[in-house]
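Below is one structure, written out as C-alpha cells; the observations come after it.
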Number of protein chains: 2
Amino acid sequence: MGKEIERKFLVTSDAWRSEGQSSLLRQGYISAEPGRIVRVRIDGDHGCITIKGMASGASCGEWEYPVPLQDAAELLDQVCEKPLIEKYRHRIARDGVLWEVDEFLGENAGLVVAEIELESEEQSFVHPDWLGEEVTEDRRYANASLIRKPFSQW
Amino acid sequence: MGKEIERKFLVTSDAWRSEGQSSLLRQGYISAEPGRIVRVRIDGDHGCITIKGMASGASCGEWEYPVPLQDAAELLDQVCEKPLIEKYRHRIARDGVLWEVDEFLGENAGLVVAEIELESEEQSFVHPDWLGEEVTEDRRYANASLIRKPFSQW
C-alpha cells in the first residue's frame, strides 16, 4: 500500500498558466463509494487502475497498478460510471514541490483546482500567489463526486 | 479484455471428492455491483484483482491482473466489503474439461457449487453424475451476492 497525502485548493487567477507541462487525462470510476474508490485513468498513452481506501484528513491508503492502454480504454467505455472525467493536468514544479493544476472539461468545465502531494500531513510548503481556499476535505471537489454532481449543476 | 463464459451447477453428491486438487481461496469485493464487480482474491500465495463487466447470459467481460500478495491481503482487510468469502476450490479435470467445485466456509457453509469455463456458449460437455440443477443465471449464487445474503440466511 502506498499512502497518499494530498491537499487540494481552489485557484484564484490564471497566473500559473505560464509555467509547467500539460497532459489530457481521461478517467472514470468503477466504484465511486468513499473508502472503496476504484479509478481507471488514461494519461497520455499510459493506463492505470487506482484503489483508494478510507480517507482520514488529507491521508488515504492507495494501491495503483499500470494496465495496458487498451484495457484502460475498454474499462472506461464498458464498465465505468458515466459521465467520465476529462481534464487537463498542468504540472508545475516550484519551490521544491510539484503542483498539479487540474482544469476540468465537459460537465465540470469552469472548475480549476490545484493539488499538492506531501510526504507528511505536517509538511509546510510555499503557497503560490494564485492559490485560493483549501478544499481538501470538501467531498464535492472529489473527482468521484464530480461524476455524480458535476460543477455545472452546483 | 477477456471474455468469461461460465456455467454454474449445484452438486448432488460427494462423489467428486475422490478426484482433483484443492486450494483455499480467500476473496472479497471492493465493488459488488452487477456490471461493475471488482474482486480481490488470494489463491495460495497468488493475489489478483478481477473486474467483471455486465453479464449477458453465461458470458461476461473480464479483466484480471496479478497483484503482490501483500497488496491483496491489505485490500481484503482494509477495503473489501465484509464478510469475505472463504472456500475450498477443488479442481477436477475430466472428459476434456476442468470442473471447479467450490465448497464454501463461514456464513456460506453448506453451499457447494460446480463451475465450468467454456470456449463458447454453445459448447457441449459431459455432465458428471454428481452434477445437479443449473444456477448460472440465479444471482443468489454469485459470490458477490453471497457476501450480502449468505447461504446461512436463505
For this session: Report yes if residue B:5 is outside any loop (DSSP other than H, G, I, E, B), in contact with a Ser or Thr (Cβ under 7 Å, 6 or more places away or on another chain) and modelled with pLDDT under 95, otherwise no.
Result: yes
Seminar exercise, completed: Residue hits (segment A:54-69; facing chain B (nearest Cβ under 9 Å) and either modelled with pLDDT under 95 or outside any strand (DSSP E or B) (or both)) are A:54, A:61
Exercise. Of B:72, B:114, which residue is within 13 Å of the chain's Cα centre (by Cα), small (Gly, Ala, Ser) and at pLDDT 95 or above?
Worked result: B:114
Problem set entry | Selected residue (criterion: farthest from the other protein chains (Cβ to nearest Cβ)) from residues of segment A:44-53 that are over 18 Å from residue A:23 (Cα atoms), buried (at least 18 other Cβ atoms within 10 Å of the Cβ) and not aliphatic (A, V, I, L, M) | A:52
Problem set entry | segment A:54-96 - residue that is among the hydrophobic types (A, V, I, L, M, F, W, C), free of Cβ contacts under 8 Å to residues at least 60 places away in the same chain and within 22 Å of residue A:141 (Cα to Cα) and, of those, surrounded by the most Cβ atoms within 10 Å (Cβ to Cβ) | A:80
For this session: Could you tell me whether segment A:13-29 includes any residue that is within 11 Å of another protein chain (Cβ to nearest Cβ), at negative phi and either assigned to a strand (DSSP E or B) or surrounded by fewer than 18 Cβ atoms within 10 Å (Cβ to Cβ) (or both)?
Result: yes
Exercise. Taking residue B:149 and the conditions (1) assigned to a loop (DSSP other than H, G, I, E, B); (2) in contact with a helix residue (DSSP H, G or I) (Cβ under 9 Å, 6 or more places away or on another chain); (3) under 27 Å from residue B:17 (Cβ atoms); (4) not β-branched (Val, Ile, Thr), which numbered condition does it fall short on, given that it satisfies the others?
Worked result: (3)
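The values are calculated or read from the model by the stated rules, or taken from the named source; none is laboratory data. Because the structure is predicted, anything quoted here is derived from the model rather than measured. Here Cβ is always computed from backbone atoms with ideal geometry, including for glycine, and neighbour counts include all displayed protein chains.
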